[in-house]
1. Percent relative contact order of the range 1-90, based on C-alpha pairs within less than 8 angstrom and at least six residues apart?
2. How do Tyr68, Tyr3 rank by accessible surface area computed with a 1.4 Å probe, from largest to smallest?
3. Mind putting a number on the dipole of the chain about its Cα centre? Charges go on the C-beta only, +1 for Lys and Arg and -1 for Asp and Glu, and I need it in Debye to the nearest 20.
4. 222 nm [θ] for the chain, helices only, -39500 (n - 2.57) per DSSP H run of 4+, per residue, to 500?
5. Taking all protein chains in place and a 1.4 Å probe, what share, in percent, of the accessible surface of the range 44-95 do carbon and sulfur account for?
6. Using label points projected 7 Å from each Cα along Cα→Cβ, tell me how many nm separate Ser2 and Tyr84, to one decimal.
7. Using only Cα atoms, tell me the angle between helix 63-78 and the longest principal axis of the chain; keep it within 0 to 90° and round to the nearest 10.
8. Just to confirm, what accessible area per residue do you get for the chain at 1.4 Å probe, in whole Å²?
Amino acid sequence: MSYASLATLVDQFGADSVILAADRDQNGVADVGVVARALEHADGLINSRIGVKYKLPIDPVPTVLIAYAGDIALYRMSLNTGTYTEEKRQRYEDA
């Protein structure tokens, strides 16, 4: 179970930001595989931290975890696309 999804990323950051970070083939659409890998990374990172204290999977997923997963995923997608910003790094670190 993923904490976030493409839809929650779009809700959190807007379609343009997600496309900018995840459109590797430059066709104007976020690449599903890129998004999936970033979300898997976010889930793994979150689970590695909270799994020592809480039984996984967390259900229902608190909105704060959805937001944190979005922050982590957008940062990861932005690293190799030239869309990295200091704000994204700070949100990643805060998450």
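1. Working: 83 pairs, mean separation 33.9, N = 90.
Here the relative contact order equals 38 percent.
2. Numbers: Tyr68 85, Tyr3 15 Å².
These residues rank, largest area first, as Tyr68, Tyr3.
3. Details: 9 positive and 13 negative charges, 75 e Å.
Charge dipole of the chain: 360 debye, to the nearest 20.
4. Details: 5 runs with 60 residues, N = 95.
After summing the helix terms and dividing by residue count, I get -19500 deg cm²/dmol.
5. On the way: 1760 of 3380 Å².
Roughly 52 percent, rounded to a whole number.
6. Those two pseudo-labels are separated by 2.3 nm.
7. Helix 63-78 sits roughly 40 degrees off the main axis of the chain.
8. Numbers: 5700 Å² over 95 residues.
For the chain, the solvent-accessible area averages 60 Å² per residue.
The values are calculated or read from the model by the stated rules, or taken from the named source; none is laboratory data. All values reported here derive from a predicted model rather than from experimental measurement. Neighbour counts are summed over all protein chains in view; Cβ atoms, including those assigned to glycine, are modelled from backbone coordinates with ideal geometry. Heads up: the accessible areas ignore ligands, DNA and RNA and are worked out on the full protein's heavy atoms, side chains in. Shrake-Rupley method; radii C 1.70, N 1.55, O 1.52, S 1.80 Å.
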